[in-house]
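Taking it in order: structure first as structure tokens, then the write-up.
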Amino acid sequence: MATSNLQAELRELREQMSELSEIISTQARRRGRDARHEASSALHSAARRAGDVADYARDGIDSMTGMARRHPAATSTALLTLGLIGIAIGYMAATSTPPVRDKRWHW
């Protein structure tokens, strides 16, 4: 009698475990599908934004090159001025006095 009750309970537990396993499997498939969908959406959104940034940069470069073609003297003057400013900053940085060393640093 006790053995048959125990066997019946074991059978019932196995059925419940089987049902739980199916439920967990279904949930995992749903979560995986949702995660794939979200990742795909994020990838498409990022690709679209990257394309927009590339278009914006391309438009900016096109306008700059067009202006440089229309005004070559102004372009060369601007580049020369920027170069001279860079040289001046580099010269000032190279000739600035070094920091005062602490007495502990003497070798």
For this session: Please verify whether the stretch 60-76 includes one or more residues that are at pLDDT 95 or above, among the small types (G, A, S) and out of contact with any Lys or Arg (no Cβ under 8 Å at 6 or more places or on another chain).
Result: no
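Residue-wise test of (1) of a type in the set (S, T, N, Q); (2) exposed (fewer than 10 other Cβ atoms within 10 Å of the Cβ); (3) in contact (Cβ under 8 Å) with a residue 60 or more places away in the chain.
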site	(1), (2), (3)
S4	yes, yes, no
Q7	yes, no, no
Q16	yes, no, no
A35	no, no, no
H44	no, no, no
G51	no, no, no
Problem set entry | Selection within the stretch 32-70 - within 30 Å of L80 (Cβ to Cβ) and not small (G, A, S) | Y56, R58, D59, I61, D62, M64, T65, M67, R69, R70
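The values are calculated or read from the model by the stated rules, or taken from the named source; none is laboratory data. All of these numbers come straight from a predicted model, not from anything done at the bench. Neighbour counts are summed over all protein chains in view; Cβ atoms, including those assigned to glycine, are modelled from backbone coordinates with ideal geometry.
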